[in-house]
Amino acid sequence: MGKSPNYFRTMSGLPVQKFLLELAKEPLSESAAAKALADAPGALKDLLALGLIRKEEGRYHLNFALFTVSDQKRIRETVRPHAESLARALDARKGELLGALAAYDVPGVDRRDLAFIVLGCMSLDWDGLVVTSEQGYRAATRPRPDGNYVPHAEESSSLSLRGLYWGSQTSDENGLWLTNFGDYACKRLTPPSEFTDPMLRIMMALREGSASLDDLGRSKGLDRSAVATLMPILQAYGWVGEEAGRFRLRIPVLSRRDEPMVNNVRAIGRQVMSAWLKQHYSQLQRELGDLSYSRSGVRFQEGFTMIWHYLFGMTNERLVATGLFADPYDTDRAFKGFLTVVYNWDIHH
């Protein structure tokens, strides 16, 4: 059943959600809170225990980062010029970035795809969350009854997420990893679970060079009939191309030999992010001081996880426009809105 009170169970009730949206506008009296939560017995106690609300001088206040639709619009409007600034800072290191990416020696894989994955996902997303936490810009954890975390919530809206490249989905199959990275306007490709492991093993084998079905069966230790069955699927996904009976990669696949390249790109990304945040964070904090949670007296750092996602998501969108990154919506892509990478070590840290 999990620990009690539990964030997700508490937040799932419609009366609770309506109550919190009211608190995002202004504090409520005890009588108003009791009326709002009349159909949710025990919710007030749970919200207090979880630290999602607080009581001061007889009134209840919002006590975590809740983003109303108005907040989301405000963030988009405010963050965009900052994202363009961060994109320019990265573009200023374009020569170094392209030099580092040039170490990847797989013909047929677009370096812009590689840049999108290594810089856009691994650096701006994964490393960005570490940098912002380590340097005190973002609150990442706090003890609560059901775990250590800093919650945030968003009011449902019809705002488009297309082009906000901020989301990764990762699975691990016996030490082989698959990550999709892109926006949340698209439908992500999820291979059938029974095929995932052999598909990833085929992809890792092709990292060493183009190969025929016989090559893959003989020298790579793969079952030839299974490879022959799966290869049309890999081609339909756009992961593999074929010419004169030989198959080659069309998406980034990373082995340990690529670790220095990945580390070099990520190091540049960390340097740029650290310098940019040092220069611009205070201004961003001032400009977003009117968000609902800020007006409620919650520290800016408590909501910076979501703000950072908008910031680097829009930065990635801009780097697609400048041509440093591939466009996940190119017309020749079978599946749009995200790119895929396969790798064979825990690259996340």
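The values are calculated or read from the model by the stated rules, or taken from the named source; none is laboratory data. If you're wondering where the values come from, they're calculated on a predicted model, not measured in any experiment. Cβ: placed from backbone, ideal geometry, glycine included. Neighbour counts: every protein chain shown.
What the table below lists for this structure:
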item: Whichever residue in the stretch 134-150 is polar (S, T, N, Q) and at pLDDT 95 or above and, among such residues, is farthest from residue 49 (Cα to Cα); result: 135
item: Residue match in the stretch 291-308 (condition: surrounded by fewer than 19 Cβ atoms within 10 Å (Cβ to Cβ) and free of Cβ contacts under 8 Å to residues at least 60 places away in the same chain); result: yes
item: Set 333, 318: member being out of contact with any strand residue (DSSP E or B) (no Cβ under 7 Å at 6 or more places or on another chain) and surrounded by 19 or more Cβ atoms within 10 Å (Cβ to Cβ); result: 318
item: In the stretch 232-268, the residues that are in contact with a strand residue (DSSP E or B) (Cβ under 7 Å, 6 or more places away or on another chain) and basic (Lys, Arg); result: 246, 248, 250
item: Only listed residue being at pLDDT below 95, assigned by TED's automatic domain parsing to the domain that holds residue 343 and not aromatic (Phe, Trp, Tyr), chosen from 243, 317; result: 243
item: Residue within the stretch 262-271 that is buried (at least 18 other Cβ atoms within 10 Å of the Cβ), assigned to a helix (DSSP H, G or I) and of a type in the set (Gly, Ala, Ser) present; result: yes
item: Answer from 228, 205, 211 - the residue that is surrounded by fewer than 15 Cβ atoms within 10 Å (Cβ to Cβ), within 16 Å of residue 246 (Cα to Cα) and at pLDDT 90 or above; result: 228
item: Lone unmet requirement of (1) free of Cβ contacts under 8 Å to residues at least 40 places away in the same chain; (2) assigned to a loop (DSSP other than H, G, I, E, B) for residue 187; result: (1)
item: Output for the stretch 194-251, where each listed residue is farther than 22 Å from residue 339 by Cβ and among the hydrophobic types (A, V, I, L, M, F, W, C); result: 211, 213, 216, 222, 226, 227, 228, 244
